[in-house]
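Working notes, beginning with the structure itself.
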Amino acid sequence: MDWNSEHYRRIITDQRRWLYHRDWFENAIREIIGLGKGNPMRGLDAGCGAGYLAFELAKLDSRIEILGTDTSDDLLGSAAVECERQELQKRVSFEKCSCYEMPYRDGEFDFAGAHTLMLHLTDPVRALKEMSRVVKPGGTVFACEPDNFASFPSGFDCASEPDGTDYDWAARKFEYAQKLYRGKIAAGEGDSAVARRMPLLFRDAGLEVFFFRKSDRFLYLLPPYDTEEKLALAENLRVTLSEENCRRFFPTLRSEFKAGGGTDAEFDSFWNERIERQNKALIALEEEKLTWAYNHTVAICAGRAS
Ligand SMILES: C[S@@+](CC[C@H](N)C(=O)[O-])C[C@H]1O[C@@H](n2cnc3c(N)ncnc32)[C@H](O)[C@@H]1O
């Protein structure tokens with residue numbers, strides 16, 4: 001996975017603005033880290049990318065200090081710039097290291113969290129063990145991860161199906177996702193459905209699971225596009241549905257699909273239909289007629305370290 005591309009920087013910065021109901025995310029995190037008990041807290045954001053979770057955590061309370069860590073120089077650079085822009089540099093800092101091996105003492109942090117990291121790892125249990133090591137006994141480890149396999153059939157294309165829900169197409173998407181995500185695992189690119197396995201993984205890492213919740217979020221676009229959130233979503237669709245954008249991923253997706261047991265012909269047939277549907281959706285989007293809904297499934301799991 002090329003984490004340094006402009007495409008990923010966009011996904012992990014712009015998209016984060018409308019992914020969740022803010023109250024759902026904030027309330028969950030407050031409960032998980034035990035905010036409100038009065039003490040200053042030091043937390044870790046593993047695989048921080050451009051710093052989304054680090055900033056969210058720091059903004060919860062002025063007594064929170066966060067260290068964000070990642071392996072990508074480019075994303076750490078973006079995080080540092082954004083940190084200054086948000087004037088958080090006194091409480092948020094960034095360092096380069098792998099989540100599998102962090103140069104921090106045992107029990108150095110009150111909590112350690114990750115946001116859309118586990119699904120990209122070949123060995124999430126190893127990462128969770130390392131996160132547990134650096135938190136105090138009784139401290140919290142948490143991860144917020146999408147379940148892309150659950151979301152996929154309602155994903156990336158047009159939901160404005162004038163004749164009603166197209167179940168045949170939804171089933172084809174599942175079949176495509178089955179091969180693609182199996183192939184991702186075979187290619188060592190992680191498990192796109194890791195979210196649903198988190199309690200097991202946390203338990204295997206020696207954590208005592210006390211929290212596992214799913215988001216309440218359906219992203220939707222309904223004309224007129226007259227709110228900040230709808231405009232951001234429309235702009236995101238304009239990019240993600242464009243054929244030019246999809247072409248960039250064609251070779252990787254095709255080889256992962258084949259690694260998951262699919263054939264060239266199956267891939268091409270699915271791909272062509274996808275592009276045709278997306279092109280129709282794009283026309284509707286430009287005419288401000290597209291209605292679109294995406295069942296974005298995200299789960300947060302948390303456990304206590306011993
Ligand atoms: C989908 S991005 C999420 C970034 C950020 N947490 C967010 O939610 O915006 C996944 C991140 O994991 C990082 N990553 C991948 N493997 C890693 C590893 N072994 N150790 C630390 N970071 C890693 C990538 O560089 C990338 O920034």
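For the range 40-116, the square roots of the Cα gyration tensor eigenvalues, ordered a ≥ b ≥ c, give a/c of at least 1.5 with a/b no greater than b/c, which places it in the oblate category.
Subtracting the Cα-Cα distance of Asn272 and Lys289 from their residue separation scaled by 0.36 nm leaves 3.8 nm. Taking a ≥ b ≥ c as the square roots of the eigenvalues of the alpha carbon gyration tensor, the range 183-306 is oblate, as a/c is not under 1.5 and a/b does not beat b/c. Give the lysines whose C-alpha is closer than 19 Å to that of Lys136, dropping any in the same chain fewer than 8 places away, or say none. In chain and number order, the partners are Lys37.
With a Förster radius of 22 Å applied to the beta-carbon distance between Glu208 and Glu31, the computed FRET efficiency rounds to 0.90. As a rough footprinting exposure proxy, the listed residues Leu221, Leu207, Leu53 were ranked by other beta carbons within 10 Å of their own, and the order from fewest upward is Leu221, Leu207, Leu53. In whole angstrom, how far apart do the alpha carbon centroids of the range 280-306 and the range 171-249 sit? The range 280-306 and the range 171-249 have Cα centres spaced 8 Å from each other. Note on the chain: GNM, Cα springs under 10 Å; of Ile33, Ile66, Ile275, the largest mean-square fluctuation is that of Ile275.
Against the chain, whose longest principal axis comes from its Cα atoms, helix 124-134 is set at around 30 degrees. So what does log10 I(q)/I(0) come out to for the range 114-264 at q = 0.13 Å⁻¹, using the Debye formula with one equal point on every Cα and no solvent? Cα-only, vacuum Debye calculation for the range 114-264: -0.77. Computed per residue of the chain from DSSP H runs no shorter than four, each worth -39500 (n - 2.57), the mean residue ellipticity at 222 nm is -14500 deg cm²/dmol. Computed from the Kirkwood radius of its Cα pairs, the Stokes-Einstein diffusion coefficient for the chain at 25 °C and 0.890 mPa s stands at 121 µm²/s. In the chain, the DSSP beta bridges split such that about 45 percent are antiparallel, to the nearest 5. Between their Cα atoms, which of Lys214/Lys258; Lys129/Lys258; Lys90/Lys230; Lys258/Lys280; Lys230/Lys289; Lys59/Lys90 are more than 23 Å away from each other? Among Lys214/Lys258; Lys129/Lys258; Lys90/Lys230; Lys258/Lys280; Lys230/Lys289; Lys59/Lys90, the Cα-Cα distance tops 23 Å for Lys214/Lys258; Lys129/Lys258; Lys90/Lys230; Lys258/Lys280. Between the helical axis of 73-85 and the longest alpha-carbon principal axis of the chain there is an angle of about 70 degrees.
Computed from Cα atoms, the angle from the helix 167-186 axis to the main principal axis of the chain rounds to 50 degrees.
All of the numbers you see were taken from the coordinates with simple rules; none came from a lab. None of these values were measured; they are calculated from a predicted model. Neighbour counts are summed over all protein chains in view; Cβ atoms, including those assigned to glycine, are modelled from backbone coordinates with ideal geometry.
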